[in-house]
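To keep things clear, I will list the structure first and then write my remarks on it.
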Amino acid sequence: MKRKFLEKATFVLILSLLFVGCVKKESTNVETTILENFESGSIGLVNKISNVEWEIHLADDNDNASLPDRWRNWWYIKLENASTQDPIMLTLKNRGWPYYYLPVYSYNQVDWIRFTEEEVLQNANKELIINKKFDRKDVWIARFYPYTYTNLKNYITTIENSPYITIQTPGVSQQGKPIYVFKITDSSIPVTNKKRVFIHARTHPAETSPSFLLEGFINFLLSGNSKATQILSEIEFHIFPMQNVDGVIAGNYRSTPLSENLEVLWDYNTVNPIDLNSTVPVEVALVHNYAKSLMTNGGPPVSIALNLHASNSEPTIRPFFFPHFGPESLGYSKTEASLWKKHVGFISLLTNRFGSDKIEPIPQQGGRGFTNHKFPETWWWTNFQNNVMAITMEMTYGKWGYTSKWVDINDMKDLGISLALSIQDYSNRTFDRLPQFIGPRNRDLNLLRYPLLYPPLAEYELKN
Ligand SMILES: [Zn+2]
């Protein structure tokens, strides 16, 4: 017995020594590496200057060099075996946008922290330079708070048992991943007298802000709060939380793995415009079919259709919308001006809920340009004119209206709560007259660093 124990102990000792030997061998040879081999991970060419200094180039979606520079913005890396003794310096090259911003980092891919303005500089070539001493050897760094398909599936497990939600998967993506749609309402009350609201998000994979907004929006609606319960007795919400699932998994910024920009592919049939041509990608067909069925299945028609995005901008630019057309006084028809009033009315109600200094001013007019494209709003307008208040909402990544703070996940969730409240505000009124808009009316473009790139004036460039 004793001898057997000794034999075993010796064996364990030898194993331990071997193991320590291995670890020691590795630790004398520590090599910091940059990885992107995980969900939503992305980086292009990496130049190692030293073990603490790197130049990293942004990747084109699908490494497709024929895509426009402005499609190049998302990056998400893991630094493995980084020095915790010395600061790490990362220079971000090959950027598609000139704006200064603060990326985020995490030691566990769950809790994300913004870099500080002291830790991120911008040089004359508009490259961002991160300089920071990290506390751990493994650190994930991203352009903005990541939100993956796995994050969505995990979130679903926290809401799926609510009596107010029905979760369906009307189809799968090009790569076979289920695409989810949530129906949220108080189903004990018949739909006949309810309003219907349609929302879709993550057409552009790296625009993660709307996912956090939607979590705040949905958590509030399902909270049992008396106001939320009242909203669910009046409104039936239909939400596609992630349209471009494959692009999210691939770590793309704007497109599917086939480099399709789904935003411009609502390719409606000119003879029968309620239908899209059969060549559209399945991700567009699924969202469109669902929207079409809501408009044709005999229930109340959709009154609000929100298309959620996020936009690169200067740090001071707040979330904004792309309202369409303009007032009759500027030459728009009665029907066009009616849609404009609804757009301005809705933006004003959200501004009144969220804060007059936290939503971007409304332009004097939105123009007709969207009618020449194949955006979701083009399909809604072509088929239902001013009966559906269809609009794109663009969140931004910077400071919104705050003087020094950069927005975090809770700010985005709070905007979701305000959005839910303003949808109810909107549903309970008409817009023959413009509601009072208490936010600033105009943005002084002279105060901007890049006035020609002011995103609320660049709808077609941003969406194409
Ligand atoms: Zn977008």
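The values are calculated or read from the model by the stated rules, or taken from the named source; none is laboratory data. In this text the structure is predicted, and so the values were computed from the model without any measurement. In this analysis, Cβ positions are derived from the backbone assuming ideal geometry, glycine residues included, and neighbour counts consider all displayed protein chains. Ligands, DNA and RNA are excluded from the accessible area calculation, which covers all protein heavy atoms including side chains. Shrake-Rupley method; radii C 1.70, N 1.55, O 1.52, S 1.80 Å.
Net charge of the neighbourhood of K177, taken over other residues with C-beta under 12 Å away and scored Lys/Arg +1, Asp/Glu -1, is -2. Among L35, L447, the sequence by solvent-accessible area, most first, with a 1.4 Å probe is L447, L35. For S233, the accessible area of its heavy atoms, probed at 1.4 Å with every protein chain present, is near 40 square angstrom. Across R353, R318, the residue with the most accessible area heads the list, and the full order at a 1.4 Å probe is R353, R318.
Here the chain has 51 percent of its accessible surface on carbon and sulfur atoms, given a 1.4 Å probe and all protein chains in place. Ordered from largest to smallest accessible area (heavy atoms of protein chains, 1.4 Å probe), the residues W75, W97 come out as W97, W75.
Please work out whether the range 33-142 counts as rounded, prolate or oblate from its C-alpha gyration tensor, where a ≥ b ≥ c are the square roots of the eigenvalues and a/c under 1.5 means rounded, while otherwise a/b larger than b/c means prolate and anything else oblate? It comes out prolate by the Cα gyration axes.
Among the trypsin sites (Lys or Arg not before Pro) within the range 379-431, which fall in a DSSP loop and have no more than 13 other Cβ atoms within 10 Å of their own Cβ? Passing sites in the range 379-431 are K405, R429.
The simple spin-label model puts a point 7 Å past each Cα toward its Cβ; for T169 and D357 those points are separated by 4.6 nm. Remark: the chain carries 44 Å² of accessible area per residue (probe radius 1.4 Å; ligands, DNA and RNA excluded).
Report the extension gain between V110 and T84 in nm, rounded to one decimal, defined as 0.36 nm multiplied by the number of residues separating them, less their alpha carbon distance. Let's see the in-between values first.
Values: separation 26, 0.36 × 26 = 9.36 nm, distance 2.04 nm.
Extra length available between V110 and T84 comes to 7.3 nm.
DSSP beta bridges confined to the chain are antiparallel in about 60 percent of cases.
Using the Cβ of W140 as centre and a radius below 14 Å, the other residues enclosed give a net charge of 0, where K and R count +1 and D and E count -1. Stretched out straight at 0.36 nm per residue, the stretch from S50 to I189 would grow longer than its current Cα-Cα span by 43.6 nm. Report the calculated FRET efficiency for R429 and N94 (r = Cβ-Cβ distance, R0 = 51 Å), to the nearest 0.05. Between R429 and N94 the formula returns 0.60.
Taking the Cβ-Cβ separation of S226 and T158 as r and a Förster radius of 35 Å, what is the calculated FRET efficiency to the nearest 0.05? All intermediate terms of the calculation are to be shown ahead of the outcome.
Values: r = 22 Å, r/R0 = 0.62.
Working from the Cβ atoms, E equals 0.95.
Report the one residue of Y332, P103, A228 whose Cα lies farthest in the direction of the positive end of the charge dipole of the chain (charges on C-beta: Lys and Arg +1, Asp and Glu -1; origin at the Cα centre). So the residue we want is A228. Computed with a 1.4 Å probe on the full set of protein chains, the accessible area for F115 sits at about 0 Å².
Starting from the Cα gyration tensor of the chain, take the square roots of the eigenvalues, sort them a ≥ b ≥ c, and report rounded, prolate or oblate (rounded when a/c is under 1.5, otherwise prolate if a/b is larger than b/c, else oblate). Present the calculation step by step, with values, prior to reporting the outcome.
Values: a/c = 2.08, a/b = 1.62, b/c = 1.28.
Prolate shape, in that a/c is at least 1.5 and a/b is the bigger ratio.
All other residues whose Cβ lies under 14 angstrom from that of W379 are scored, Lys and Arg at +1 and Asp and Glu at -1, for a net of -1. In the complete set of protein chains, residue-level accessible area for H238 is approximately 10 Å², probe 1.4 angstrom. Here's the list of lysines a cross-link from K183 could span, going by alpha-carbon distance under 18 Å and ignoring same-chain residues fewer than 8 apart: K153, K194, K195, K292.
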